[in-house]
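Some notes on the structure that comes next.
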Amino acid sequence: MRTLSTYLLLSFLSIASVSSQTMKKMTQLQEFESRLAKEAQTVQSIESNFTQVKYLDVFDEKVTSKGKFSYQKSNKICMEYFRPMDYLIVINGNKLKIVSDGKKSIMNLSSNKMMNQMQDMLTACMIGDLSKMSSSYQLEYFEDVHYYLVKIKPTNKAVQAYINGIEIWLDKKDMSVYKLRLSETATNYTEYEFYHKKFNSLKDETKFAVR
């Protein structure tokens, strides 16, 4: 399960390299949380393209992938990878589907407490709804002219076995996730950048089917 959990996290989470040195500590935290919660309530669906950059120090190289991200309330996520290979990840409620090389596997996330917690964390990070973060994480808040930055550190030792830290960049224009970074260790990470985002326009719900 550790291998699967680590693989899922590395497959999902992300950021393009942006220095936080120019960021300053957020002073209006209540205003930020209020606006974030308000925007999250208005979002029924999200569609965007993404670029993923994955670095594993054992290979000392970066692997870049491209695809399409889709989200629909509640707890429906679809990651369609097109380059360099076709790959599909779907979460629908407590069900997870992975399709790779034409082979499909389905898992019930509710049967494992750790995987269920990671699902909530994933949803929180991908759509910027931090209300889904449990008490197992410590959050710090920063900002510059264009973005908010939320740094997330796990406090639970079981979670620390999988996650070293998470950083989420939110665009101040619409509070959507602009970039995401998950560090599995001090040197291994996965990065995403989301672009060409569309809100509340999703028509094809069949992409979330898990069967």
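Can you give the convex hull volume of the alpha carbon atoms of the stretch 142-211 per residue, in Å³?
Per residue, the Cα convex hull of the stretch 142-211 comes to 147 Å³.
Which whole-Hz couplings ³J(HN,Hα) result when phi for each residue of the stretch 145-159 is put into the Karplus expression 6.51 cos²θ - 1.76 cosθ + 1.60, θ = phi - 60°, listed in order with x for Gly and Pro?
Listing the rounded values in order: 5, 9, 9, 9, 10, 10, 9, 10, 10, x, 9, 7, 5, 5, 6 Hz.
For the chain, how big is the tail of P(r) above 32 Å, as a whole percent of Cα pairs?
Result for the distance tail: 11 percent.
Could you calculate the contour length gain from residue 60 to residue 31, that is, 0.36 nm times the residue separation minus the distance between their Cα atoms, to one decimal place in nm?
6.3 nm is the gain from fully extending residue 60 to residue 31.
Hey, which of these cross-link pairs are over 25 Å Cα-Cα: 103/153; 151/172; 157/197; 24/76; 25/66?
As for pairs spanning more than 25 Å Cα to Cα, those are 103/153; 157/197; 24/76; 25/66.
I want to verify a result. In a Gaussian network model of the chain, Cα cutoff 10 Å, which of these has the top mean-square fluctuation: 40, 124, 186?
Evaluated over the chain, the most mobile residue of the options is 186.
What's the ranking of 191-198, 55-62 by average number of surrounding C-beta atoms within 10 Å, highest first?
Result, highest mean first: 191-198, 55-62.
Please turn the phi angles of the stretch 99-110 into ³J(HN,Hα) values with the Karplus equation 6.51 cos²θ - 1.76 cosθ + 1.60 (θ = phi - 60°), one per residue in order, whole Hz, x for glycine and proline.
Calculated HN-Hα couplings, in order: 10, 9, 6, x, 9, 10, 9, 10, 10, 8, 6, 5 Hz.
Please work out the Cα convex hull volume for the stretch 108-187 and give it in Å³ per residue.
97 Å³
Considering the alpha-carbon set of the stretch 18-117 alone, what are its Rg and its Dmax in angstrom?
Both quantities, over Cα of the stretch 18-117: 17.6, 50 Å.
Coordinate-derived values only; no laboratory data. These numbers were taken from a predicted model, which means no experiment stands behind them. Virtual Cβ from ideal backbone geometry, glycine too; neighbours counted across all protein chains shown.
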